[in-house]
């Protein structure tokens, strides 16, 4: 045989089936491009210069792994569809005398061609777009170190080529396996395989409903953010399994039930639709479930990362209520007084004079903090009993308690509140407490005489996800009592009396950081033994942008990949159905269905099949809302900011639905072209 | 009373840009009486499928007219044609054309459902027909579960359920084994005995021999026709064979 025969046959095969292969190559290219971009950014100097680069690099590494895995699964799925359509051709070659060896050669040539084209186009697109992606990422992270030189990363190219070569090799092996283990007749008929009518599998259908209901229940009833994070992955798995079961079995079951209702079923509008739907759902249930899951993933990812990114300033404000905050831990409650604090206050004043600002919104108070289980008005603080690291502890009522002397409260708020011994005023941050008394084991029983609306808690309260109770008492010793004598697990005192001092400086970012640093060194000078901590917003802003911006960027990238995948599944689904419906169309016409009736029936089926995943995705999203909102709490996006997340989610969904409809419009045209094209030939 | 009046039908297919003209039907005229069983015979390419498509209103003649029970087919608007077909004609095809998404029962109901008939009426109509065709046991099965002969009987039931003016059958025995063929042909002649007009296109002599009249089409024209008269099926079979041989060997036109 002439050299180049097989490659030419393979190339012809691709060219003649370009309606099948072009979208496939395009999708593979997009995956390769995104993979390249992410790997490129991971090694990019401009990104490595950013603040918080370790977080970004970690996020990007994770992203590249996710994309590689997803590309593998998705390309396998698409290729199985292609193979099903090509088998007929291969069967014909086989019957005409071409050996399995030759078929394998053709498939190999084909796969190599597709692989080469995909990787080449993908890399070209990736290299072209990498600069744009770099600018986007740096901009998102509010970095400034952008140069406008164009870079190509050979390492990233090699890595992309390697990963995708492996995937294509696996695909090739799978195709070869299919050819070797099938007879020529079964190859010829592969396309018409599975003509049996769908049977409703009640067990699977009901299992799907139960799984979904359980997952929804978990999502809605979850109370604590930590549990949410742990449970979230289980809930996601349950939702995925439930969606597949419902789409595959549940929908057929539903059609079967409809068919039992004679008055409904035997109407012109429902008759053809319902029975074809049962078929369609059986064939496409898995595809529809995949579309639904992908849509949900995109929506969850985009809405949560967008919320995080745009809620960043809010989160920063929540985490850093004052621009600059410092705390000094004193060795005991007895030495924590105005006299010992005087040099600190003096130092702070010196610094504000030096930088020429008047501190505003100043907080200046003494406090002692403990953590304990709060149950029925009793607090257990024993370190031996309390396991703070246990994820479930928050459900058991773990709470932070800040004790603040009344003098400091009155001074800060310019009030003249009076409290007797063992009388306290409380303020709850995240959470509520309604009992009239609170008792600390090994400590005191305190009578709550007033509940106040606001107290300037520090960033620690925001940073931790625990609820915080501020207890204002006559003095620290009066309220803490016996607790002061207790030791924590490391042997130090359980309660560390400390002094909190925070203010807004209103100076430029760099100066703010200088103020913070100077404050720290001056405080340390006063007493080197006392532990001291200072922090400011500007110092942390870059870190926040690194994390949230990185997540946002990755969210956008992954969403792009998932959307492409969903679109392609939709496209192939329409294509497959078009070929299947072609003969059916002809019969219905001969039996006396008008063109309009056929079109209307097909249209309603397409619409249902198409928008079912979107509706289910919306339901998933709705039920995921509470649990994701809880998880966002961990990122300092407090519950009070649920509205931001809500609005972002709604906007994301609207945009997504719009795109989805657009895809529907385009792909359904392809469908009509196939169906009507066949009809012209038969009549 | 004649139920179908075909006069001067001509059908010309032309390729793109008007080239490559093929005259499928030159000049076909005939009429079918109500209650008649007519077979149309002809070799491949003789134009019989074209004729059937025109009679079924699936295609339009280049010139000439088809009048079914007083209605001129070419005068019916495009939008009303499907309904006309559904209400007046019943179809039986070589390839059965049952929808694999429906049970046998639902396949039979299809034309009635499209006509918007209530379920009770559909059942009432189906019962006697199903009994007559011997398919009550198959109604709940799917097409893929039953044999070719059974499928064709289901298709006949579907054609009959609307009580059509005429049943058009296109090579109904073409995909059947000889026993199933015999059963089906017996069925057709039984149905015809009850007054149903049947028009069948076939190239099987066996199939044609159950008809009351056989028309022979050659090169787009009705070349010849013979009536059964008092013949038995066997005698008629012999006459049809003789006629075919005569036509094939270029015998003179009667």
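In the range A:612-629, is there at least one residue being out of contact with any strand residue (DSSP E or B) (no Cβ under 7 Å at 6 or more places or on another chain), surrounded by 15 or more Cβ atoms within 10 Å (Cβ to Cβ) and at pLDDT below 80? No, the range A:612-629 has no match at all.
Is it true that some residue in the range A:207-226 is away from chain B (no Cβ under 13 Å), touching a residue at least 24 places away in the same chain (Cβ under 8 Å) and within 30 Å of residue B:114 (Cα to Cα)? No, every residue in the range A:207-226 fails to be away from chain B (no Cβ under 13 Å), touching a residue at least 24 places away in the same chain (Cβ under 8 Å) and within 30 Å of residue B:114 (Cα to Cα). Selection of the range A:109-133 for residues being in contact (Cβ under 8 Å) with a residue 12 or more places away in the chain and farther than 26 Å from residue A:569 by Cβ yields A:109, A:127, A:130, A:131.
Okay, residues lined up against (1) buried (at least 20 other Cβ atoms within 10 Å of the Cβ); (2) at pLDDT below 80; (3) farther than 20 Å from residue A:79 by Cα; (4) not assigned by TED's automatic domain parsing to the domain that holds residue A:119:
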| site | (1), (2), (3), (4) |
| --- | --- |
| A:2 | no, yes, yes, no |
| A:12 | no, no, no, no |
| A:16 | no, no, no, no |
| A:22 | no, no, no, no |
| A:30 | yes, no, no, no |
| A:39 | yes, no, yes, no |
| A:44 | yes, no, yes, no |
| A:51 | no, yes, yes, no |
| A:62 | no, no, yes, no |
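Report yes if some residue within the range A:594-603 is touching a helix residue (DSSP H, G or I) at 6+ places or on another chain (Cβ under 6 Å), free of Cβ contacts under 8 Å to residues at least 12 places away in the same chain, part of a loop (DSSP other than H, G, I, E, B) and surrounded by fewer than 23 Cβ atoms within 10 Å (Cβ to Cβ); otherwise report no. The answer is yes; a qualifying residue exists.
Among the residues of the range A:623-634, some residue qualifies, meaning at least one is in a loop (DSSP other than H, G, I, E, B) and under 23 Å from residue A:310 (Cβ atoms). Do the conditions hold for residue A:572, that is, is it in contact (Cβ under 8 Å) with a residue 60 or more places away in the chain, closer than 30 Å to residue A:507 by Cα and either surrounded by 19 or more Cβ atoms within 10 Å (Cβ to Cβ) or touching a strand residue (DSSP E or B) at 6+ places or on another chain (Cβ under 9 Å) (or both)? Against the criterion (in contact (Cβ under 8 Å) with a residue 60 or more places away in the chain, closer than 30 Å to residue A:507 by Cα and either surrounded by 19 or more Cβ atoms within 10 Å (Cβ to Cβ) or touching a strand residue (DSSP E or B) at 6+ places or on another chain (Cβ under 9 Å) (or both)), residue A:572 does not qualify. Candidates B:60, B:77, B:26: the one that is within 14 Å of chain A (Cβ to nearest Cβ) and more than 30 Å from residue A:270 (Cα to Cα) is B:60. For the range B:88-101, the criterion of being over 23 Å from residue B:171 (Cα atoms), surrounded by fewer than 20 Cβ atoms within 10 Å (Cβ to Cβ), within 14 Å of another protein chain (Cβ to nearest Cβ) and at pLDDT 80 or above is satisfied by no residue at all. Residue B:124 passes every criterion in (1) assigned to a helix (DSSP H, G or I); (2) surrounded by fewer than 20 Cβ atoms within 10 Å (Cβ to Cβ); (3) within 11 Å of another protein chain (Cβ to nearest Cβ) apart from (3). Comparison of A:464, A:521, A:490 shows that the only residue that is surrounded by fewer than 18 Cβ atoms within 10 Å (Cβ to Cβ) and either modelled with pLDDT of 90 or more or not assigned by TED's automatic domain parsing to the domain that holds residue A:415 (or both) is A:521. Candidates are the residues of the range B:66-82 that are crowded, with 16+ Cβ neighbours inside 10 Å and touching a residue at least 24 places away in the same chain (Cβ under 8 Å); the one that is nearest to residue A:260 (Cα to Cα) is B:81.
I want to confirm something. Restricting to the range B:107-121 and keeping residues that are at the interface with another protein chain (Cβ under 7 Å from one of its Cβ atoms) and touching a residue at least 24 places away in the same chain (Cβ under 8 Å), which single residue is farthest from the chain's Cα centre (by Cα)? This residue is B:114.
Look at (1) within 13 Å of chain A (Cβ to nearest Cβ); (2) farther than 19 Å from residue B:203 by Cα; (3) in contact with a helix residue (DSSP H, G or I) (Cβ under 8 Å, 6 or more places away or on another chain) and you find that residue B:136 fails only one, number (1).
Residues satisfying the criterion are present in the range A:166-181 (criterion: closer than 25 Å to residue A:554 by Cβ, exposed (fewer than 14 other Cβ atoms within 10 Å of the Cβ), at pLDDT 70 or above and in contact with a helix residue (DSSP H, G or I) (Cβ under 9 Å, 6 or more places away or on another chain)).
Can you find a residue that is under 30 Å from residue B:117 (Cβ atoms) and crowded, with 17+ Cβ neighbours inside 10 Å anywhere in the range A:240-251? Checked against the condition, which is being under 30 Å from residue B:117 (Cβ atoms) and crowded, with 17+ Cβ neighbours inside 10 Å, the range A:240-251 yields at least one hit. In contact with a strand residue (DSSP E or B) (Cβ under 6 Å, 6 or more places away or on another chain) and over 18 Å from residue A:340 (Cβ atoms): does that describe residue A:509? It is false that residue A:509 is in contact with a strand residue (DSSP E or B) (Cβ under 6 Å, 6 or more places away or on another chain) and over 18 Å from residue A:340 (Cβ atoms). Considering the conditions (1) on the phi < 0 side of the Ramachandran plot; (2) away from chain A (no Cβ under 11 Å); (3) touching a strand residue (DSSP E or B) at 6+ places or on another chain (Cβ under 9 Å), residue B:163 is excluded by exactly one of them, (1).
Residues of the range A:266-282 that are surrounded by fewer than 22 Cβ atoms within 10 Å (Cβ to Cβ) and away from every other protein chain (no Cβ under 11 Å): none at all.
Of all residues in the range B:193-222, those satisfying the criterion of being over 16 Å from the mean Cα position of the chain (by Cα) and in contact (Cβ under 8 Å) with a residue 40 or more places away in the chain are B:218, B:219, B:220, B:221, B:222.
The values are calculated or read from the model by the stated rules, or taken from the named source; none is laboratory data. In this text the structure is predicted, and so the values were computed from the model without any measurement. Glycine also receives a Cβ, built like all others from the backbone with ideal geometry; neighbour counts cover every protein chain displayed.
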